[in-house]
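Novice: Here it is, the structure, as structure tokens.
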Amino acid sequence: MKFSVIIATCNEAYHIGSSLKRLRQVSRQEPLEIIVVDSGSRDGTAEQARAYADQVLVHSRCNRGEQFHLGAQKATGSMLLFLRGDSQLPGNWQQALEHFWLSPTLGHVAATVFSVCFGRSGSFRLASWLVDAEARWLGRAGLRQGLCTTADIYRYSGGFPPATCLAGRAFCARLRPFGRIAVLPERIWPSAGRLHRFGLLGCLGRRLWLELRLLLGAAPERLAPHRCAS
């Protein structure tokens, strides 16, 4: 089972080198492929990524859906793991995914995500629970959770749509006919920067406002695309 880890970036030089270095350190090197799809960052993101990635692709604009789709088209693995550059995978991520996807009792599953851990404070634990519950019960997951599916399911579903905002959730809508989203018990550590900055209620309010504007027909590219990675 070969994994292709696909990461979309936009001006993330401040952390992409250390993130990819840790990913290499906690991963079995073979079989593994890391693909970074950069949106023409001006801060040296692509240059830093080349030290650790197998492929660094440059896309013409910041569009997470298009970037992830481009990476998936270039991937050679049988399993595709879509990830934000500021999320830290668990140390046994490959073993956990292999154990789940090779299980004889797999059932009707379209994709997996890891359980989220933003931190140990009460509000951060509640935020983690809400993110996991949305994936488990509503079938809506974001890239901060490490969204994994097979190359075959990806191809049959049509892959990531060209969504500037909430690309992960738009992709999950395409996955729905192929099965459920399974939440694994192993924990992933996404960046909690927004929670620190806006608090739990502030983040929920901003998310609801974003979804309402999209529902009312606002153009996704006008909704701060560089901050809409999920």
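Just so it is clear, none of the values below were taken in a lab; they were calculated from the coordinates. Being a predicted model, the structure only gives us computed values, none of them experimental. Glycine gets a Cβ as well: all are built from the backbone with ideal geometry, and neighbour counts include every protein chain shown.
Novice: Please list the non-local residues whose amide H lies under 5 Å from the amide H of ILE188, H modeled 1.01 Å from N, same-chain partners needing a gap of 5 or more.
Specialist: HN-HN under 5 Å from ILE188: SER115, VAL116, CYS117.
Novice: Can I ask one more? Using amide H atoms built 1.01 Å from N in the peptide plane, name the residues 5+ places from VAL58, or on other chains, whose amide H lies under 5 Å from its own.
Specialist: ASP38
Novice: In whole Hz, with x marking every Gly and Pro, tabulate ³J(HN,Hα) for region 20-36 from phi via Karplus 6.51 cos²θ - 1.76 cosθ + 1.60, θ = phi - 60°.
Specialist: Coupling constants for region 20-36: 5, 4, 5, 4, 5, 5, 8, 10, 6, 5, 10, x, 8, 9, 10, 10, 10 Hz.
Novice: For the chain, build the charge dipole from Cβ charges (+1 Lys, Arg; -1 Asp, Glu) around the Cα centre, then report which of TRP129, THR149, GLY159 sits farthest towards its positive end.
Specialist: So the residue we want is TRP129.
Novice: With 23 Å as the cut-off, how large is the P(r) tail for the chain, expressed as percent of Cα-Cα pairs? Don't skip to the end; give the middle numbers.
Specialist: On the way: 11712 of 26335 pairs.
Summing the P(r) of the chain above 23 Å gives 44 percent of all pairs.
Novice: Specify the longest stretch of the chain that does not include any exposed loop site, a site being one of the trypsin sites (Lys or Arg not before Pro) with a non-H, G, I, E, B DSSP assignment and at most 15 other Cβ atoms within 10 Å. Intermediate results must be reported in sequence, preceding the final value.
Specialist: On the way: sites that count: LYS2, ARG28, ARG42, ARG50, ARG61, ARG120.
The answer is 121-230.
Novice: What does the charge count around SER115 come to, taking other residues whose C-beta lies under 13 Å from its C-beta (Lys +1, Arg +1, Asp -1, Glu -1)?
Specialist: Values: positive: ARG125, ARG136, ARG144, ARG187; negative: ASP132, GLU134, GLU186.
Taking every other residue near SER115 into account, the sum is +1.
Novice: Neighbour counts of other C-beta atoms within 10 Å: give me LEU70, LEU175 arranged from fewest to most. The partial results should precede the final answer.
Specialist: On the way: LEU70 20, LEU175 23.
Fewest-to-most Cβ neighbours within 10 Å comes out as LEU70, LEU175.
Novice: Please report the antiparallel percentage of the DSSP beta bridges confined to the chain, to the nearest 5.
Specialist: About 20 percent, rounded to the nearest 5.
Novice: Under a Cβ-Cβ cut-off of 13 Å, what is the net charge of the residues other than THR150 that fall near it, where Lys and Arg count +1 and Asp and Glu count -1?
Specialist: Numbers: positive: LYS2, ARG155; negative: GLU98, ASP152.
So the surrounding residues net to 0.
Novice: Can you bin region 71-111 into rounded, prolate or oblate? Criterion: square roots of the alpha carbon gyration tensor eigenvalues sorted a ≥ b ≥ c, rounded for a/c under 1.5, prolate for a/b above b/c, oblate for the rest. Present the calculation step by step, with values, prior to reporting the outcome.
Specialist: Values: a/c = 2.11, a/b = 1.31, b/c = 1.61.
Because a/c hits 1.5 or more and a/b fails to exceed b/c, region 71-111 counts as oblate.
Novice: For a quick check: with amide H placed at 1.01 Å from N, whose amide H comes under 5 Å from ILE34's, ignoring anything fewer than 5 positions away on the same chain?
Specialist: Amide H neighbours of ILE34, under 5 Å, 5+ apart: VAL5, ASP54, GLN55.
Novice: Whole-Hz Karplus ³J(HN,Hα) for region 113-129, in order, using 6.51 cos²θ - 1.76 cosθ + 1.60 and θ = phi - 60°, x for Gly and Pro?
Specialist: Here the 3J(HN,Hα) series is 9, 8, 5, 8, 9, 7, x, 9, 5, x, 5, 5, 5, 5, 4, 4, 4 Hz.
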